[in-house]
1. Once you list every other residue whose beta carbon is under 12 Å from the beta carbon of residue 113, what net charge do they have if Lys and Arg are +1 and Asp and Glu are -1?
2. Answer with a single label: of (i) 39, 17, 15; (ii) 24, 17, 13; (iii) 22, 19, 16, which was calculated as semi-axes √(5λ) of the Cα gyration tensor in Å from the structure in view?
3. So which residue, out of 85, 121, 107, gets the largest mean-square fluctuation from a GNM of the chain using Cα contacts under 10 Å as springs?
4. Considering only the other residues whose Cβ falls under 13 Å of the Cβ of residue 38, what net charge follows from Lys and Arg at +1 and Asp and Glu at -1?
5. Determine the calculated [θ] at 222 nm for the chain from helices alone, applying -39500 (n - 2.57) to every DSSP H run no shorter than 4 residues and normalising by the residue count; nearest 500 deg cm²/dmol.
6. Less than 24 Å apart at the alpha-carbon level, and either on another chain or at least 8 residues along: which lysines does that give for residue 107?
7. GNM, the chain, Cα, under 10 Å: largest mean-square fluctuation among 114, 11, 83?
8. Just need the relative contact order of the chain here, percent rounded to a whole number, with Cα pairs under 8 Å and 6+ apart.
Amino acid sequence: APKQQDKDDIMRNIIIIAAAMVAASAIPALSEGDVAKGETVFKRCSACHAIGEGAKNRIGPQLNGIIGRAAGGVPDYTYSSAMKKAGEDGLVWTPEELRDFLSAPKKKIPGNKMALAGISKPEDLDNLIAYIESAASKPVE
């Protein structure tokens with residue numbers, strides 16, 4: 001029969017491995033997508049949204065700094081009450097939340113004013129979010 005010391009060592013190792021897995025899963029990773037392909041997908045968004053250096057609000061809000069920002073959080077933009085309420089209720093844009101929203105905007109936040117029906121192809125979403133992360137995180141000069 002295994003000795004108590006061996007059982008304790010095994011249990012300690014399991015706990016260390018589990019803790020390392022939890023810690024690693026909490027680290028936000030850049031999206032898996034292709035930034036260049038995402039820029040192409042963003043052309044669909046650019047009728048209403050701007051991103052990058054000199055971006056200004058248009059029909060939709062500018063998207064600089066969107067990752068980590070509360071929904072409805074761009075100053076000087078008039079959001080729908082649904083989008084403002086989503087932010088007040090704690091919605092913060094992460095890559096995962098953006099993916100969920102962009103796949104079905106009216107389902108995620110009923111009553112928002114974005115005209116997009118949704119982006120259905122997972123690879124388009126991955127690429128778009130990679131581009132948004134890349135372009136939105138560049139310092140504005």
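Bear in mind these aren't lab numbers, they're just calculated from the coordinates by the rules spelled out. Given the structure is predicted, the values throughout are model-derived calculations rather than measurements. All Cβ positions, even for glycine, are placed from backbone atoms using ideal geometry, and neighbour counts span all protein chains on display.
1. +2
2. The value computed from this structure is option (i).
3. Sorting by GNM fluctuation, first place goes to 121.
4. With Lys, Arg at +1 and Asp, Glu at -1, the net is -2.
5. Details: 6 runs with 66 residues, N = 141.
Taken over the chain, the calculation gives -14000 deg cm²/dmol.
6. Cross-link targets: 43, 84, 85, 121.
7. Ranking 114, 11, 83 by mean-square fluctuation puts 11 first.
8. The value is 33 percent.
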